[in-house]
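Chemist: Have a look at this one.
The values are calculated or read from the model by the stated rules, or taken from the named source; none is laboratory data. Bear in mind the structure is a predicted one, so any value in this text is a computation, not a measurement. All Cβ positions, even for glycine, are placed from backbone atoms using ideal geometry, and neighbour counts span all protein chains on display. Only protein heavy atoms, including side chains, enter the accessible area calculation; ligands, DNA and RNA are left aside. Shrake-Rupley method; radii C 1.70, N 1.55, O 1.52, S 1.80 Å.
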Amino acid sequence: MKGGIDLGGTKIQAVIVDGDHQVVAQARHATPIKGGPPDVVAHMVEAIREASEQIGAKTGDLKGVGVGSPGAIEAEAGVVAEARNLPGWDEPFAMGPALEKALDTKVRIGNDVQVAVDGEFALGAGRDSSSLLGVWWGTGVGGGIILDGKPWLGQGAAGEIGHIVVKQGGARCPCGRRGCMEAYAGRSAMETRARKLKKKGHHTKLFKIMEKHGRTRLQSGIWSRALEAKDEMALALINRAVEALGTGVASAVNVLDVETVVIGGGLGTRLGEPYVRRIEAAMMPHLFVSDRPPAVLPAALGDLGGAVGATLLV
Ligand SMILES: [Zn+2]
């Protein structure tokens, strides 16, 4: 038995898997919005404990626990820095050692997107491929690369597909630069754009749906509902995102020539197959070798994919 935790800005998902990578228990906590790293770690510990109890085990019985974390990861030391989506994470924090002490088992930390992509490569949509580009479409647009069966991390920052430039001098990206794919396709950038348009007097149901569901941000489910309601602003902003994704992903494929592209992430998973087909169609005009396009597939491991991928670290 091994444990896995997907640490996100809104939720902490924990799983326990057996030797065949099957999920035998799971627990979910909301990510605390106040406090600091020790509070986040306390909820991670609680989530793994709850999952372990479901199968009558102690955390010390687990072979280890893998964690997919946002931010910059120093894997050897288990240190997480620059995790801006997490509360009070202003300084690097030794998450690995803190978890090991509380859980009484080995802990390994990896980048959240990379472990989810590793999971899809080993067990999900990419299991028949030897090269893969993962595109994680969510709050931002993250990426992960596998070449010749191995993760390609570059000097530590490879796969930042969200910051491929799709328009010189274009829209401002949350990273501060202009024209990045994420400036058009990231959920955070799309929300900023929607708020701006609404202020200018454009009509949309997006914020009414958000309030109805007791939310303060335009999460994936809100976008999905607005699309179902044929909200014009949501349709226009998602179309713009799909075009940007097509341009950016095709550009990356022109460089890497991977066998498979997997589309995952909060929004990618929520919108699913029909939107994956639309991204594929938007890629076609930009592919240099258009008669041999890569397979473009939705992530297959679903909501638990990040946590299951994290179990592969131990
Ligand atoms: Zn950027």
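Chemist: Starting from the Cα of Asp303, step 7 Å along the direction of its Cβ; do the same at Leu227; then give the gap between the two resulting points in nm.
Modeler: 1.8 nm
Chemist: Note the angle between two axes, namely the Cα long axis of helix 187-199 and the longest principal axis of the Cα atoms of the chain, as a number of degrees from 0 to 90, rounded to the nearest 10.
Modeler: The two axes meet at around 50 degrees.
Chemist: Search the structure for amide H atoms under 5 Å from the amide H of Ala83, placed 1.01 Å from N in the peptide plane, and list their residues when 5 or more places away or on another chain.
Modeler: Amide H neighbours of Ala83, under 5 Å, 5+ apart: Ala72.
Chemist: Accessible area per residue, 1.4 Å probe, Å², for the chain: what's the number? List each step's numbers first, then the result.
Modeler: Working: 14930 Å² over 314 residues.
Counting only protein heavy atoms, the per-residue value for the chain is 48 Å².
Chemist: Which whole-Hz ³J(HN,Hα) couplings does segment 64-71 yield from phi under the Karplus relation 6.51 cos²θ - 1.76 cosθ + 1.60, θ = phi - 60°, glycine and proline marked x?
Modeler: Listing the rounded values in order: x, 10, x, 10, x, 10, x, x Hz.
Chemist: Something else: Which residues' amide hydrogens lie under 5 Å from the amide hydrogen of Lys106, considering only partners 5 or more residues apart or on another chain, with H built in the peptide plane?
Modeler: Val65
Chemist: Can you give the FRET efficiency for Ala42 and Asp18, using 1/(1 + (r/R0)^6), R0 = 22 Å, r = Cβ-Cβ distance, to the nearest 0.05? Kindly include the intermediate steps, with their values, before the conclusion.
Modeler: Working: r = 27 Å, r/R0 = 1.22.
After rounding, the FRET efficiency stands at 0.25.
Chemist: Ordering Ser188, Ser224 from largest to smallest accessible area (1.4 angstrom probe), what's the sequence?
Modeler: Numbers: Ser188 35, Ser224 15 Å².
Order by accessible area, largest first: Ser188, Ser224.
Chemist: Whole-Hz ³J(HN,Hα) for each residue in segment 82-96, computed from phi via Karplus 6.51 cos²θ - 1.76 cosθ + 1.60 with θ = phi - 60°, x for glycine and proline: what do you get?
Modeler: Each residue of segment 82-96 in turn: 6, 8, 5, 7, 9, x, x, 8, 8, 10, x, 10, 7, 5, x Hz.
Chemist: Here's another thing I want to ask about it. Among Gly3, Ala81, His43, which residue has its Cα positioned farthest towards the positive end of the charge dipole of segment 1-82, with +1 placed on the Cβ of Lys and Arg, -1 on the Cβ of Asp and Glu, and the dipole taken about the Cα centre?
Modeler: His43
Chemist: Indicate the gyration tensor shape class of segment 107-146 (rounded, prolate or oblate), computed on the Cα atoms with a ≥ b ≥ c the square roots of the eigenvalues: a/c under 1.5 is rounded; otherwise a/b larger than b/c is prolate and the rest oblate. Write out the running numbers ahead of the final one.
Modeler: Numbers: a/c = 2.15, a/b = 1.20, b/c = 1.79.
Note, shape of segment 107-146 comes out oblate.
Chemist: Could you identify which residue out of Gly221, Gly186, Gly35 has the top mean-square fluctuation in a GNM of the chain using Cα springs shorter than 10 Å?
Modeler: Of Gly221, Gly186, Gly35, the most mobile in the Gaussian network model is Gly35.
Chemist: With both bridge residues required to lie in segment 3-99, what share of the DSSP beta bridges run antiparallel, to the nearest 5%?
Modeler: Values: 17 of 21 bridges.
Of those bridges, close to 80 percent are antiparallel.
Chemist: Follow-up question, since we're still on this one. Which far-off residues, 5 or more places away or on another chain, put their amide H under 5 Å from the one on Arg172, with H placed in the peptide plane?
Modeler: The list, which skips near neighbours in sequence, is Gly179.
Chemist: Treat the chain as a sphere of radius equal to its Kirkwood radius over Cα pairs and apply Stokes-Einstein at 25 °C in a medium of 0.890 mPa s; give the translational diffusion coefficient in µm²/s, rounded to a whole number. The partial results should precede the final answer.
Modeler: On the way: Rh = 19.9 Å.
Answer from the Stokes-Einstein relation: 123 µm²/s.
Chemist: For a 20 Å ceiling on Cα separation, which of these pairs sit above it: Lys2/Lys106; Lys2/Lys101; Lys58/Lys106; Lys2/Lys58; Lys58/Lys101; Lys11/Lys230? If you can, show how the numbers build up before the last one.
Modeler: Values: Lys2/Lys106 10 Å; Lys2/Lys101 17 Å; Lys58/Lys106 13 Å; Lys2/Lys58 11 Å; Lys58/Lys101 14 Å; Lys11/Lys230 29 Å.
Too far apart for the 20 Å limit: Lys11/Lys230.
Chemist: Let me ask something else about it. Given a Förster distance of 41 Å, report the FRET efficiency between Leu147 and Thr216 from their Cβ-Cβ distance, rounded to the nearest 0.05. Before the final figure, lay out the partial values.
Modeler: Details: r = 40 Å, r/R0 = 0.98.
About 0.55, to the nearest 0.05.
Chemist: Here's a follow-up. Among the trypsin sites (Lys or Arg not before Pro) in segment 142-201, which ones are in a DSSP loop with at most 12 other Cβ atoms within 10 Å of the Cβ? Mind listing them?
Modeler: On the way: sites: Lys167, Arg172, Arg177, Arg178, Arg187, Arg193, Arg195, Lys196, Lys198, Lys199, Lys200; in loops: Lys167, Arg177, Lys200.
Of the trypsin sites (Lys or Arg not before Pro), the ones in loops of segment 142-201 whose Cβ has at most 12 other Cβ atoms within 10 Å are Lys200.
Chemist: Let me ask something additional. Find how much the distance from Leu235 to Met284 grows on full extension, using 0.36 nm per residue of separation minus their present alpha carbon separation; answer in nm with one decimal. Walk me through the intermediate numbers first.
Modeler: Details: separation 49, 0.36 × 49 = 17.64 nm, distance 2.10 nm.
Full-extension gain reported as 15.5 nm.
Chemist: Where does the chain land at 222 nm, in deg cm²/dmol rounded to the nearest 500, when only DSSP H runs of n ≥ 4 count, each adding -39500 (n - 2.57), divided by all residues?
Modeler: Only helices count here, giving -12000 deg cm²/dmol.
Chemist: Can you tell me the dipole magnitude for segment 165-268 around its Cα centre, using point charges on the Cβ only (Lys, Arg +1; Asp, Glu -1), in Debye to the nearest 20? It would help to have the intermediate numbers written out before the result.
Modeler: Values: 19 positive and 9 negative charges, 171 e Å.
Dipole magnitude for segment 165-268 comes out near 820 debye.
Chemist: Any chance you could run the full-extension gain for Cys175 through Lys106? It's 0.36 nm times the residue separation minus the Cα-Cα distance, nm to one decimal. Before the final figure, lay out each step's value.
Modeler: Details: separation 69, 0.36 × 69 = 24.84 nm, distance 3.43 nm.
Gain in length upon complete extension: 21.4 nm.
Chemist: When the chain is treated as a GNM, springs tying every alpha-carbon pair under 10 Å, which of Met284, Met44, Met95 comes out with the largest mean-square fluctuation?
Modeler: Met284
Chemist: So, one more: Give the angle, between 0 and 90 degrees and rounded to the nearest 10, that separates the Cα long axis of helix 232-256 from the longest principal axis of the Cα atoms of the chain.
Modeler: That works out to roughly 70 degrees.
Chemist: Choose one of Ala229, Phe93, Ile146: the residue whose Cα lies farthest towards the positive end of the charge dipole of the chain (beta-carbon charges +1 Lys, Arg; -1 Asp, Glu; about the Cα centre).
Modeler: Ala229
Chemist: What number, in percent, do you get for the relative contact order of the chain if the mean sequence gap of Cα pairs under 8 Å and at least 6 apart is divided by its residue count?
Modeler: Details: 679 pairs, mean separation 62.8, N = 314.
Value for the chain: 20 percent.
Chemist: Please state the charge dipole magnitude for segment 10-103, taken about the Cα centre, from unit charges on C-beta atoms (+1 on K and R, -1 on D and E), reported in debye and rounded to the nearest 20.
Modeler: Working: 8 positive and 13 negative charges, 51 e Å.
Computed charge dipole of segment 10-103: roughly 240 debye.
Chemist: Here is a follow-up. Given a 1.4 Å probe and every protein chain left where it sits, what share in percent of the accessible area of segment 163-207 is carbon and sulfur? Present the calculation step by step, with values, prior to reporting the outcome.
Modeler: Details: 1230 of 2640 Å².
The C+S portion of the solvent-accessible surface of segment 163-207 is 47 percent.
Chemist: Kirkwood hydrodynamic radius (Cα pairs, Å) of segment 1-159?
Modeler: Working: mean 1/r = 0.0626 Å⁻¹.
When all Cα pairs of segment 1-159 are included, the Kirkwood radius is 16.0 Å.
Chemist: Ignoring everything but the protein chains, give the 1.4 Å probe accessible area of Asp61 in square angstrom, nearest 10.
Modeler: Number for this one is 100 Å².
Chemist: Out of Ile145, Ile263, Ile33, any idea which swings most in a Gaussian network model of the chain, alpha carbons joined below 10 Å?
Modeler: Ile33
Chemist: Name the trypsin sites (Lys or Arg not before Pro) in segment 1-57 that are in a loop by DSSP and that have at most 15 other C-beta atoms within 10 Å, would you?
Modeler: On the way: sites: Lys2, Lys11, Arg28, Lys34, Arg49; in loops: Lys34.
Sites meeting the loop and neighbour criteria: Lys34.
Chemist: When N is the residue count of segment 228-314, what does its C-alpha Rg come to as a fraction of 2.2 N^0.38 Å? Don't jump to the answer; show the numbers that get you there.
Modeler: Values: Rg = 14.4 Å, N = 87, 2.2 N^0.38 = 12.0 Å.
In units of the 2.2 N^0.38 Å rule of thumb, it is 1.20.
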